[in-house]
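Just so it is clear, none of the values below were taken in a lab; they were calculated from the coordinates. This is a predicted model, so every value here is computed, not measured. Positions of Cβ are backbone-derived with ideal geometry, glycine not excepted, and every protein chain shown enters the neighbour counts.
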Amino acid sequence: MDFIEGEILYFNKPLTWTSFQLVAKIRYLISRKLHVKKIKVGHAGTLDPLATGVMIVCTGKATKKIEEFQYQTKEYIATLELGATTLSFDLEKPIDKRFDYSFVTRELVEQTLKQFTGRIEQVPPSFSACKVDGKRAYEIARKGKEVELKAKVLVIDEIELMKYDLPEIVIRVVCSKGTYIRALARDLGEALGCGAHLKGLIRTRIGDVRLEDCLNIEDFSEKMADIPKSEVISES
């Protein structure tokens, strides 16, 4: 493997890890194996700490391909809880309000989901990496300050109800770059009239790369330890 010339690696991001932590761990393992202080390592699409799933990581000269991967279609499996909202639209913040959801039927959910296919406008979450006056929105929001973000146009190619077990539902979403599934949970809850928040999220695909193609970081660590030095190319 030539990490300097460039490798494209597929990982299943662990739960609670930030995307940065995963990249940092991979960079550390490669640097230690190559006996180099610096090597380029980057990822093609952030995942929230409370999400798992496909993350494409590029090394060396292959980091030039990151933007290409970022614009590929992504697929998610999302678990939503109806009848309750949080300030972060997921489990990062505690439930702040509860609503009646007894009137929600499977048919209502399926009909409402149809409103979210095609080109739609979505306001990103306040707890997101979007920049406001040079600062990340989440940095402002976590200080308890109001964050005003403008709606962005995105595309949802497919959205379907996979499981209906109130107060939880599970949906599959195929969408474009820039889609926040947390914000989709918020908007779906508002459209249903009962509120909702994201309880779990798995990114199952980026382009043609699927979850079953991905390594766990533990497997990669063991693999790096087992690779003979003769099979690893360094700058020297």
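Loop-located GluC sites (Glu not before Pro) in region 27-114 (DSSP state other than H, G, I, E, B) with a sparse environment of at most 15 neighbouring Cβ atoms within 10 Å are absent.
Of the listed pairs Lys33/Lys74; Lys93/Lys223; Lys37/Lys64, which have alpha-carbon separations greater than 25 Å here? Walk me through the numbers on the way to the answer.
Numbers: Lys33/Lys74 32 Å; Lys93/Lys223 37 Å; Lys37/Lys64 20 Å.
Over 25 Å apart, Cα to Cα: Lys33/Lys74; Lys93/Lys223.
Each Lys and Arg adds +1 at its Cβ and each Asp and Glu adds -1 at its Cβ; summed about the Cα centre, the chain shows a dipole of about 940 debye.
Projected onto their three principal axes, the Cα atoms of the chain cover extents of 66, 37, 30 Å, largest first.
Among His197, His35, sorting on how many other beta-carbon atoms sit within 10 Å of each Cβ, with the fewest leading, yields His35, His197. Put a dot 7 Å past the Cα of Glu218, heading toward its Cβ, do the same for Val153, and the two dots end up 4.6 nm apart.
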